[in-house]
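Engineer: Below: one structure in structure tokens.
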Amino acid sequence: MTGGAAPQPVADPLHPLGPWPHRHLFDVDHLSREQLEVCLDLAVEMRERRGGDQPPGPSPGALAGQTVGLAFYEGSTRTRVSFELAAREMGATTVDLAVAGSSVGKGESLADTLRTLERTGVTTVVLRHSAAGAPYLAARMTGLRIVNGGDGAHAHPTQALLDALTLREALGGLAGKRVAIVGDVAHSRVARSNIHALTRLGASVRVGGPPAWVRGFELWPGVSVSGTLAEALRDADAVMTLRVQLERAAAGGVASLREYSSIWGLTEERMELAAPGAPLLHPGPTNEGVELTAELASSERSLIGRQVRNGVPVRMAVFSLLAP
Ligand code: CP
């Protein structure tokens, strides 16, 4: 979270960090370990207020009078729906730009589209866009509060926050833990934001995948690169596999999906290489039979359902921290 001149107050006046200094959420890379922990703690509180994993409960009301716009230029189920529910539960009105049926199809630019939303009374926009950096442009071109719902291969901050929360609870903390991230790391905004969040929270990250999909990550602090799946998984405390972006696989990096799956696909048997009981994460949507088997996705190791369930409270926490 970054940008903007005036510090914004946090929702909780007794907050140990004092005023929350960020107006926007572009990525997690600017968040300190304390700020990440505060956000995760607040998400736990929000989840408890909602009545555990039950359907929506009473609104905490921090966004009363606000209108949140959902501008998703790329497809989404989890992120869009959970942001919408989070905003509504916080007392906001929501409006979905529905890009496919909007004037974007007539050639209206991103800046003009967002300015139009702003003029109609939208105060915060959750933006998903194929162009890395689009949220920074949106914040510069408008007076809107911007929350990044995923930009190109750059960042997916709320996914990283919900993954960190899911892992923190499954592992009893992240300090000193070894997390393996397997797959198309190079093109993954989820992987990049997770690397920032997990290493900031004290974990080490091992990335594994075909050479073209992991190249250069050995330069990231707290990250090592494994050339084989066995090496990536060995003694890992948790394993995250990524959606193979079928369009990218076709464009290069692996000879075929079948080859990828045979070398890097996760199975229950292969997961035995990880630490005993190591949980499995996947940001979704999954390509079962490619990056993991259907059996593994629905096995006891799988935290995929828990990741999704943490989506609404994490996004409520983010709205709460950014609230004017
Ligand atoms: N993990 C994730 O971003 O899923 P969606 O594309 O469904 O939002």
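The values are calculated or read from the model by the stated rules, or taken from the named source; none is laboratory data. Just so it is clear, the structure is predicted and the values come from calculations on it, not from any experiment. Cβ atoms come from the backbone with ideal geometry, glycine included; neighbour counts cover every protein chain shown.
Engineer: Out of all the residues in region 295-302, is one or more touching a Gly at 6+ places or on another chain (Cβ under 8 Å) and either more than 30 Å from GLY75 (Cα to Cα) or modelled with pLDDT under 95 (or both)?
Structural biologist: First, the residues of region 295-302 that are touching a Gly at 6+ places or on another chain (Cβ under 8 Å): 301.
Narrowing further to those that are either more than 30 Å from GLY75 (Cα to Cα) or modelled with pLDDT under 95 (or both): none.
No: zero hits.
Engineer: Could you say whether any residue in region 63-71 is more than 29 Å from SER302 (Cα to Cα), modelled with pLDDT of 95 or more, within 16 Å of the ligand (Cβ to nearest atom) and among the small types (Gly, Ala, Ser)?
Structural biologist: The answer is yes, given that some residue of region 63-71 is more than 29 Å from SER302 (Cα to Cα), modelled with pLDDT of 95 or more, within 16 Å of the ligand (Cβ to nearest atom) and among the small types (Gly, Ala, Ser).
Engineer: Tell me whether region 100-107 contains one or more residues that are in a helix (DSSP H, G or I), surrounded by fewer than 24 Cβ atoms within 10 Å (Cβ to Cβ) and touching a Ser or Thr at 6+ places or on another chain (Cβ under 8 Å).
Structural biologist: Yes, that holds for at least one residue.
Engineer: Can you confirm whether THR166 is more than 9 Å from the chain's Cα centre (by Cα) and more than 16 Å from the ligand (Cβ to nearest atom)?
Structural biologist: Taking the combined requirement at face value, the residue does not satisfy it.
Engineer: Has region 130-148 got at least one residue that is assigned to a helix (DSSP H, G or I), among the β-branched types (Val, Ile, Thr) and within 16 Å of the ligand (Cβ to nearest atom)?
Structural biologist: The answer is no; no qualifying residue exists.
Engineer: Return a yes/no flag: does region 188-195 have any residue that is in contact (Cβ under 8 Å) with a residue 40 or more places away in the chain, in a loop (DSSP other than H, G, I, E, B) and either assigned by TED's automatic domain parsing to the domain that holds GLU231 or more than 16 Å from the ligand (Cβ to nearest atom) (or both).
Structural biologist: Looking for residues that are in contact (Cβ under 8 Å) with a residue 40 or more places away in the chain, in a loop (DSSP other than H, G, I, E, B) and either assigned by TED's automatic domain parsing to the domain that holds GLU231 or more than 16 Å from the ligand (Cβ to nearest atom) (or both), one finds at least one in region 188-195, hence yes.
Engineer: Restricting attention to region 246-261, does a residue exist that is within 20 Å of ARG192 (Cα to Cα) and modelled with pLDDT of 95 or more?
Structural biologist: Checked against the condition, which is being within 20 Å of ARG192 (Cα to Cα) and modelled with pLDDT of 95 or more, region 246-261 yields no hits at all.
Engineer: Being of a type outside the set (Phe, Trp, Tyr) and either crowded, with 24+ Cβ neighbours inside 10 Å or under 30 Å from ARG119 (Cα atoms) (or both) is true for just one of ARG178, ARG200, ARG145. Which residue is that?
Structural biologist: Unique residue meeting the criteria: ARG145.
Engineer: So, GLY121, is that one of a type outside the set (A, V, I, L, M), within 16 Å of the ligand (Cβ to nearest atom), outside the structural domain of HIS187 (by TED's automatic domain parsing) and more than 15 Å from VAL147 (Cα to Cα) or not? Walk me through how you get there before you give the answer.
Structural biologist: Numbers: of a type outside the set (A, V, I, L, M): yes; within 16 Å of the ligand (Cβ to nearest atom): no; outside the structural domain of HIS187 (by TED's automatic domain parsing): yes; more than 15 Å from VAL147 (Cα to Cα): yes.
So GLY121 fails the test.
Engineer: Now for a separate question. Within region 262-310, can you find the residues that are part of a helix (DSSP H, G or I) and either surrounded by 24 or more Cβ atoms within 10 Å (Cβ to Cβ) or more than 15 Å from the chain's Cα centre (by Cα) (or both)?
Structural biologist: Matches in region 262-310: SER262, ILE263, TRP264, ARG270, MET271, GLU272, LEU273, ALA294, GLU295, LEU296, ALA297.
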